[in-house]
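The values are calculated or read from the model by the stated rules, or taken from the named source; none is laboratory data. What you see is a predicted model; the values in this text were computed from it and never measured. Note that we place each Cβ from the backbone using ideal geometry, even for glycine, and neighbour counts take in every protein chain shown.
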Amino acid sequence: MRFGWRAICGPVLTVATLLLAILLDRFVPVPSPAPLFVCIVALAGALSGFSAAQITAGLAVICAALFFLNRGVPFAPADLVQLGLLAATAAGTAAITGLMRERLLDTFAAERRSHAIAARLSAALDQVDIGIVLLDAETRAEFINRAFRDYFALPDEIADGKPPFVALMYHGRDTGAFELPEDELGTFIAQRMEMVRIGDATPINISLRSGEVLRFVCAVLPDGGRMLSYTPVTDLVRHTDAPARADYYRSLRDPASRKLIRYLRVAE
């Protein structure tokens, strides 16, 4: 137990309550302050833990005995019973509040460690070139890393708002991210939604208008959520494309015009 205002709060309040009760008892009959002592024991346990509560509980029993002695009346068996009940109640209160405080402190410490680990993991995932999206059981995005935001020109205010997966797909459609004819986009989005819904882990390649190709994989998480990964495989896929279409694929990789158009669309 560390010494400080939290540690001395219980004993000081107990002694102050006794002195105030003795003072008032000279003018007006005052009932036993035992209930107040129990409350002070609970307060000491909540503020400083089990040790401080035990000390306050022992002091509370002594103060209750002094209060009876101050009246000049010898102890009766009923008074001894009351002191015994006070001692048992104060000890139980000290144990309960002190142990509850220790458990709460351990829980808060574990949560802080978990948050620190989550923050480090989030920062690490923002450094990789694989787009990663974590969905909850209702397919709302709980985490979207930097790579995915860059691939699909997703503004931070949208990504941080925990959008549903279908909203991410419609954003890619509205910004012209996919290298697909407009009449095929509806079917494409419906197929991706179905894959995520059933947890289909079959990898597929998604071609973007920027010339990049991403390999999409959906993994089912133990809590019923989904982890979506978008791995860049542009070099592997484009290497197997028909040589006759090389000029076409080079035109898709023109960053000076295509990415600028994407950013302008997002700004609108």
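Scan the stretch 221-244 for residues that are in a loop (DSSP other than H, G, I, E, B) and either at pLDDT below 55 or β-branched (Val, Ile, Thr) (or both) and the total you get is 4. Does Leu135 qualify as being surrounded by 11 or more Cβ atoms within 10 Å (Cβ to Cβ) and outside the structural domain of Asp160 (by TED's automatic domain parsing)? Considered against the rule, which asks whether it is surrounded by 11 or more Cβ atoms within 10 Å (Cβ to Cβ) and outside the structural domain of Asp160 (by TED's automatic domain parsing), Leu135 comes out as no.
Matching residues to (1) touching a Gly at 6+ places or on another chain (Cβ under 8 Å); (2) under 27 Å from Leu24 (Cβ atoms); (3) modelled with pLDDT of 85 or more; (4) not hydrophobic (A, V, I, L, M, F, W, C):
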position	(1), (2), (3), (4)
Ala53	yes, yes, yes, no
Phe68	no, yes, no, no
Arg71	no, yes, no, yes
Gln82	no, yes, no, yes
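Of everything in the stretch 110-145, what is in contact with a helix residue (DSSP H, G or I) (Cβ under 9 Å, 6 or more places away or on another chain), over 21 Å from Leu221 (Cβ atoms) and without any contact (Cβ under 8 Å) to a residue 40 or more places away in the chain? Give them in sequence order. Selection gives Gln127 alone.
Only a single criterion out of (1) modelled with pLDDT of 85 or more; (2) over 25 Å from the mean Cα position of the chain (by Cα); (3) not hydroxyl-bearing (Ser, Thr, Tyr) is not satisfied by Ala124, namely (2).
Of all residues in the stretch 153-183, those satisfying the criterion of being of a type in the set (Phe, Trp, Tyr) and over 24 Å from the mean Cα position of the chain (by Cα) are Tyr170, Phe178. Considering the stretch 8-22, and only residues there that are farther than 12 Å from Leu43 by Cβ and crowded, with 19+ Cβ neighbours inside 10 Å, the residue that is nearest to the chain's Cα centre (by Cα) turns out to be Leu18. Could you pull out the residue among Ala147, Ala153 that is among the small types (Gly, Ala, Ser), assigned by TED's automatic domain parsing to the domain that holds Val220, in contact with a strand residue (DSSP E or B) (Cβ under 9 Å, 6 or more places away or on another chain) and closer than 30 Å to Leu208 by Cβ? Every option except Ala147 fails the conditions. For Arg140, the test of being loosely packed, with under 13 Cβ neighbours inside 10 Å and over 30 Å from Phe37 (Cα atoms) is failed. For the stretch 151-161, which positions are of a type outside the set (Val, Ile, Thr) and surrounded by 15 or more Cβ atoms within 10 Å (Cβ to Cβ)? If the condition is that a residue be of a type outside the set (Val, Ile, Thr) and surrounded by 15 or more Cβ atoms within 10 Å (Cβ to Cβ), then Tyr151, Phe152, Ala153, Leu154, Ala159 are the ones that fit. Here is the figure for the stretch 162-199: residues that are in a helix (DSSP H, G or I) and not aliphatic (A, V, I, L, M) total 16.
For Arg101, state whether it is under 25 Å from the mean Cα position of the chain (by Cα), modelled with pLDDT under 90 and either part of a loop (DSSP other than H, G, I, E, B) or surrounded by 14 or more Cβ atoms within 10 Å (Cβ to Cβ) (or both). Criteria met by Arg101. The set of residues in the stretch 111-132 that are touching a Ser or Thr at 6+ places or on another chain (Cβ under 8 Å) and among the β-branched types (Val, Ile, Thr) comprises Ile130, Ile132.
So that you can scan it fast, the table gives a plain yes or no per residue for (1) surrounded by 11 or more Cβ atoms within 10 Å (Cβ to Cβ); (2) aliphatic (A, V, I, L, M):
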| position | (1), (2) |
| --- | --- |
| Phe67 | yes, no |
| Leu86 | yes, yes |
| Thr93 | yes, no |
| Ile96 | yes, yes |
| Arg112 | no, no |
| Ile117 | no, yes |
| Leu121 | yes, yes |
| Ala124 | no, yes |
